[in-house]
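Peer 1: Here it is, the structure, as structure tokens.
Bear in mind that the values in this text are calculations on the coordinates, not laboratory data. The model shown is predicted, which means the values in this text are computed figures rather than measured ones. All Cβ positions, even for glycine, are placed from backbone atoms using ideal geometry, and neighbour counts span all protein chains on display.
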Amino acid sequence: MFAVMKTGGKQYKVQSGDVLRVEKLAADAGEKVQFNEILMLGGDKPVIGTPFVDGAAVQAEVVDQVKGDKVINFVKRRRKHGSKRTVGHRQKLTLLRVTEILEKGADKSGVKAALGAGSIAAVAAGAAEAKAPAKKAAPKKDAPKKAEAEAKAAPAKKAAPKAAAKADAGGDDLKQLSGVGPALEKKLQEAGVTTFAQIAAWTEADIADMDEKLSFKGRIEREGWVDQAKELTKG
């Protein structure tokens, strides 16, 4: 029996015992993971999903976290103040060994679902863990009275939150960069990039890291954000 599964935006035809490399998963070597997006099951009676086969799954063991072959990106701009830059990149991958193909009962197997290292679910899980220790204690019964008393005693403190909010919103308008719209600006801000000075100071390693982290696929180099940010910082 074989199965066609989907992970990391790609499709793989696998059989039990196969070893393959997929986009990096949030799992350690030796862990067992399960892929629930099964497009097709092959065998005596093939089953095609709509889009996925209900109850089917592929289970695999994580062998190691590896890197793919190096890809060289060379950019040259033929302008008055042209530039050229070479950046190398090695994609992070996970090496797997397929252990079992389930036709039914995927939801009862007890094996954790495979999540990409940069997937929304994995990021949300990490964010939830990070926020857990900072959980606020339940307010006491006399809290409203105490808050009212403090407000009367120090009325001048009411303006503080607005001032803090203004300070937080003090970044540059990143939409001035070529190819940056509201969506890309939001991505950059969520990654902690709010000013042209930050972008102007990026090194080749920073650019490669940001390309991979935010899936820009070479956009930073193509659009010349670093050079633009330097000019915008000056003026």
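Peer 1: Quick one: count up the residues across segment 61-86 that are in a strand (DSSP E or B) and farther than 26 Å from LYS213 by Cβ.
Peer 2: Filtering segment 61-86 down to residues in a strand (DSSP E or B) leaves 61-76, 84-86.
Cutting the leftovers down to farther than 26 Å from LYS213 by Cβ gives us 61.
Selection size over segment 61-86: 1.
Peer 1: Please enumerate the residues belonging to segment 87-109 that are of a type in the set (D, E, K, R) and assigned to a strand (DSSP E or B). Spell out the reasoning first.
Peer 2: Start the filter on segment 87-109 by keeping residues that are of a type in the set (D, E, K, R), which leaves 90, 92, 97, 100, 103-104, 107-108.
Selection gives ARG90, LYS92, ARG97, GLU100.
Peer 1: Which one of the conditions (1) without any contact (Cβ under 8 Å) to a residue 24 or more places away in the chain; (2) over 18 Å from VAL111 (Cα atoms) does VAL87 fail to meet, given that it meets all the rest?
Peer 2: Against the list (1) without any contact (Cβ under 8 Å) to a residue 24 or more places away in the chain; (2) over 18 Å from VAL111 (Cα atoms), VAL87 comes up short only on (1).
Peer 1: List pairs: first in segment 94-108 and farther than 12 Å from PHE35 by Cα, second among the basic types (Lys, Arg) and surrounded by 13 or more Cβ atoms within 10 Å (Cβ to Cβ), Cβ under 6 Å, 6+ apart or cross-chain?
Peer 2: THR94/LYS24; LEU95/ARG21
Peer 1: Which of the residues belonging to segment 185-222 are part of a helix (DSSP H, G or I), among the aliphatic types (A, V, I, L, M) and surrounded by fewer than 17 Cβ atoms within 10 Å (Cβ to Cβ)?
Peer 2: Taking segment 185-222 as the starting set, the residues that turn out to be part of a helix (DSSP H, G or I) are 185-190, 196-200, 204-214, 219-222.
From the residues that got through so far, the ones that are among the aliphatic types (A, V, I, L, M) too are 188, 197, 199-200, 205, 207-208, 210, 214, 220.
If the condition is that a residue be part of a helix (DSSP H, G or I), among the aliphatic types (A, V, I, L, M) and surrounded by fewer than 17 Cβ atoms within 10 Å (Cβ to Cβ), then ALA197, ALA205 are the ones that fit.
Peer 1: Here's a follow-up. Of all the residues that make up segment 1-11, how many are in a strand (DSSP E or B) and within 22 Å of the chain's Cα centre (by Cα)? Lay out the reasoning, then the answer.
Peer 2: From segment 1-11, those in a strand (DSSP E or B) are 2-7, 10-11; that's our starting set.
Among the residues that remain, those that are also within 22 Å of the chain's Cα centre (by Cα) are: 5-7, 10-11.
Matching residues across segment 1-11 total 5.
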